[in-house]
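The values are calculated or read from the model by the stated rules, or taken from the named source; none is laboratory data. Given the structure is predicted, the values throughout are model-derived calculations rather than measurements. No Cβ is skipped: glycine too gets one built from the backbone with ideal geometry, and neighbour counts run over all protein chains shown. Protein only, heavy atoms only, side chains kept; ligands, DNA and RNA dropped before computing areas. Shrake-Rupley method; radii C 1.70, N 1.55, O 1.52, S 1.80 Å.
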Protein chains: 2
Amino acid sequence: MSLVVVGSVAYDSLETPHGKVDRILGGSCTYIALAASFFTRAKIVAVVGDDFAPADAALLSGRGIDLEGLERVPGKTFFWSGVYSADMNDRTTLVTDLNVFANFDPKLPESYRSEPYLLLGNIQPALQRSVRAQMNGLRFIGGDTMNYWIRDYRDELLSAIRQWDFLLINDSEARMLSGVHNLRRAAEKIITMGPRTLVIKRGEYGAILFHDHQHFIVPGFLLEDIFDPTGAGDCFAGGFMGYLAQQGVHPHTEQIDHQLVRRAVIYGSVMGSFCCERFGPDRFRDLSRDEIDARYREFKAFTDF
Amino acid sequence: MSLVVVGSVAYDSLETPHGKVDRILGGSCTYIALAASFFTRAKIVAVVGDDFAPADAALLSGRGIDLEGLERVPGKTFFWSGVYSADMNDRTTLVTDLNVFANFDPKLPESYRSEPYLLLGNIQPALQRSVRAQMNGLRFIGGDTMNYWIRDYRDELLSAIRQWDFLLINDSEARMLSGVHNLRRAAEKIITMGPRTLVIKRGEYGAILFHDHQHFIVPGFLLEDIFDPTGAGDCFAGGFMGYLAQQGVHPHTEQIDHQLVRRAVIYGSVMGSFCCERFGPDRFRDLSRDEIDARYREFKAFTDF
């Protein structure tokens, strides 16, 4: 069973303390689909310009990702450029050229519409709703958002997430969305907005899962080198949802097993950690499922008591 | 077997978003000894002025804490006053009156000198060394320090910690002490400075234990209300060392069991979390060992996968 992923496909130029890269493949849809592809078949919905390189398409299709929903239009692909601070906890955006992404109006290929799993990357909430409306056999749907939509498109966003099974956001977004600083109380409030499962991402500190009146906290993986954190949150989402799709969860007819969702959070954390080990999505070129499972066991080892 | 604790006993006036308290009992020695007292007998070494209230001495002795090493001299007790930010991640010091603490020259009562466990709170490294030199049957010794000693008393500090079995510091102190940003690499470097066991405290995000080429990460407890974070790091230290003393570790003759040290980190985290639930050390007035063990089980429940 496949996972439909909607979001941006972009070119990024970025600089971290480890170096500089120019026009490397990026975008939320790219990272989510690559991370998910180690668990399930991903089908992407995105738009690129005529500058989109065959080698980049080949990276995606080489991972079994379905590109039928990757629209190619005249013009340039979304471009972002930024510089990370010395500790990589902050980044400064230098350029954001939306280019063809400015008119993105996701249309799902017929072959996508009856898939059971949908992961909505961080795009305008109205577009997230439109994608959902085009699907007709959904079992499990969720997505990401950001401060901009929370602040300036609040009503649209609330209508969108009301239909979601899960929401993955970071801690400052959770505080902004709920208007509550304490994360435990913030989560309680967000759960009433629709998503029964909430994952709050905390960057290097890991993530918290709120689900069925329980919570689960996983610390971040302690990398010896954080090479480039770009896309780590999206890879978390891809690993989380990819694992659940692989396991075939069906929450509308039965209660999801807590341990299953917890394991999905660990696989999300694993994929986010690998993402940081090289520039852009480079780590996924040669990553193996064995390495993923070995890191899963490392999470067990460093949290067990 | 008892634990000797050295540090400050103080009066604190502080303000958090939950309210304001005036001249409440504080100081590193107070918090460490109170937290440790739920596990083992603590014997304190500190100095107070003639304003030290009998009710505060009674709180300590009521927890079985030995006050023979609590020196009382003419003058005023160490006084600190501060205000926490709205999210309680920062605090501004308004007043620091060292008072009688300025001339603190710890002298251990005869009855303390052969105790096996020593926990050195954050005081001048030369005084930490002097205390160590007064003891003659030590099995396990460690302590805390702060940015001021790391920056301005580096050589003294390095001589002190060279003799320690463990060091408990926070993440920014670990970075400052090692000169390395990445915590995993920072820890490797600090371990070469003497302490074979290193705990890096991360505030609300929990703690990392480095021990015998392994690491263990525990997330912070997700409190619904952080009432007052003053003393939480010291309570972590007290819980950590109190538990180890209770278990009777003896690292000079045998390898410490990893699981034992991990459990000590959890008990440290448990005590730090209770500390934040009320102003100052108030939570320890009625805390029970059953509540402590229940929270230990909660740590198991929210980290298990």
Regarding B:Lys189, is this residue open to solvent by 60 Å² or more (accessible area, probe 1.4 Å) and either farther than 21 Å from B:Val6 by Cβ or of a type outside the set (Val, Ile, Thr) (or both)?
yes
Pairs returned, first residue in segment B:6-26 that is of a type in the set (Phe, Trp, Tyr), second residue that is open to solvent by 10 Å² or more (accessible area, probe 1.4 Å) and assigned to a strand (DSSP E or B), beta-carbon separation under 6 angstrom, 6 or more apart or interchain, are B:Tyr11/B:Arg23; B:Tyr11/B:Phe79
Keeping to segment A:220-236, report how many residues are at the interface with another protein chain (Cβ under 8 Å from one of its Cβ atoms) and on the phi > 0 side of the Ramachandran plot.
0
Residue list for segment A:4-41, filter: open to solvent by 20 Å² or more (accessible area, probe 1.4 Å) and over 17 Å from A:Leu244 (Cα atoms):
A:Glu15, A:Pro17, A:His18, A:Gly19, A:Lys20, A:Val21, A:Asp22, A:Arg23, A:Ile24
Does any residue of segment B:211-219 turn out to be in contact with a His (Cβ under 7 Å, 6 or more places away or on another chain), open to solvent by 20 Å² or more (accessible area, probe 1.4 Å) and part of a helix (DSSP H, G or I)?
no
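Just a yes or no: is a residue in segment B:149-159 closer than 26 Å to A:Asn182 by Cα and more than 14 Å from every other protein chain (Cβ to nearest Cβ)?
Keep residues of segment B:149-159 that are closer than 26 Å to A:Asn182 by Cα, which gives none.
Looking through segment B:149-159, none of the residues is closer than 26 Å to A:Asn182 by Cα and more than 14 Å from every other protein chain (Cβ to nearest Cβ).
From the list B:Met241, B:Met176, pick out the single residue that is open to solvent by 10 Å² or more (accessible area, probe 1.4 Å) and modelled with pLDDT of 95 or more. Give the derivation first.
Working: B:Met241 fails: open to solvent by 10 Å² or more (accessible area, probe 1.4 Å).
Residue meeting the stated conditions: B:Met176.
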Applying the selection to segment A:187-200, what residues are in a strand (DSSP E or B) and either farther than 19 Å from B:Phe221 by Cβ or in contact with a Ser or Thr (Cβ under 8 Å, 6 or more places away or on another chain) (or both)?
A:Thr197
Is segment A:251-272 home to any residue that is away from chain B (no Cβ under 14 Å) and outside any loop (DSSP other than H, G, I, E, B)?
yes
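Out of all the residues in segment B:229-237, is one or more in a loop (DSSP other than H, G, I, E, B), open to solvent by 20 Å² or more (accessible area, probe 1.4 Å) and within 30 Å of B:Ile24 (Cα to Cα)? Outline the logic, then answer.
At the first step, the residues of segment B:229-237 found to be in a loop (DSSP other than H, G, I, E, B) are B:229-231.
With open to solvent by 20 Å² or more (accessible area, probe 1.4 Å) added as a condition, the list becomes B:229.
Filter again for within 30 Å of B:Ile24 (Cα to Cα), leaving B:229.
Checking segment B:229-237: at least one residue is in a loop (DSSP other than H, G, I, E, B), open to solvent by 20 Å² or more (accessible area, probe 1.4 Å) and within 30 Å of B:Ile24 (Cα to Cα).
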Would you please list the contacts, defined by Cβ atoms under 9 Å and residues six or more apart or on different chains, that run from a residue in segment B:285-305 that is within 14 Å of chain A (Cβ to nearest Cβ) to a residue that is in a helix (DSSP H, G or I) and open to solvent by 60 Å² or more (accessible area, probe 1.4 Å)?
B:Tyr296/B:Arg263; B:Phe305/A:Arg263; B:Phe305/A:Lys300
List, please: which pairs have Cβ atoms under 9 Å, are six or more places apart or on different chains, and start with a residue in segment B:264-278 that is free of Cβ contacts under 8 Å to residues at least 24 places away in the same chain and under 13 Å from B:Ala36 (Cβ atoms) and end with one that is open to solvent by less than 10 Å² (accessible area, probe 1.4 Å) and among the charged types (D, E, K, R)?
none
It is to be established whether one or more residues within segment B:57-66 are more than 19 Å from the chain's Cα centre (by Cα), touching a residue at least 40 places away in the same chain (Cβ under 8 Å) and either more than 18 Å from B:Tyr112 (Cβ to Cβ) or open to solvent by 40 Å² or more (accessible area, probe 1.4 Å) (or both).
no
Restricting the search to segment B:157-173, which residues are part of a helix (DSSP H, G or I) and surrounded by 16 or more Cβ atoms within 10 Å (Cβ to Cβ)?
B:Leu157, B:Ala160, B:Ile161, B:Asp171, B:Glu173
Cβ-Cβ distance below 7 Å, separation of 6 or more or different chains: which pairs start in segment B:201-219 with a residue that is over 24 Å from B:Phe274 (Cα atoms) and at the interface with chain A (Cβ under 7 Å from one of its Cβ atoms) and end on one that is open to solvent by less than 30 Å² (accessible area, probe 1.4 Å) and not acidic (Asp, Glu)?
B:His215/A:Leu222; B:His215/A:Phe302; B:His215/B:Ile208; B:His215/B:Leu209
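If you go through segment A:276-295 one residue at a time, how many are in a helix (DSSP H, G or I) and surrounded by fewer than 17 Cβ atoms within 10 Å (Cβ to Cβ)?
Within segment A:276-295, residues that are in a helix (DSSP H, G or I) and surrounded by fewer than 17 Cβ atoms within 10 Å (Cβ to Cβ) number 6.
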Those residues that are hydrophobic (A, V, I, L, M, F, W, C) and under 14 Å from the mean Cα position of the chain (by Cα), I need them from segment B:164-207; list them, please.
B:Phe166, B:Leu167, B:Leu168, B:Ile169, B:Leu198, B:Val199, B:Ile200, B:Ala207
Could you grab me the full set of residues in segment B:184-200 that are closer than 18 Å to A:Glu224 by Cα and either touching a helix residue (DSSP H, G or I) at 6+ places or on another chain (Cβ under 6 Å) or more than 11 Å from chain A (Cβ to nearest Cβ) (or both)?
B:Ala186, B:Lys189, B:Ile190, B:Ile191, B:Thr192, B:Leu198, B:Val199, B:Ile200
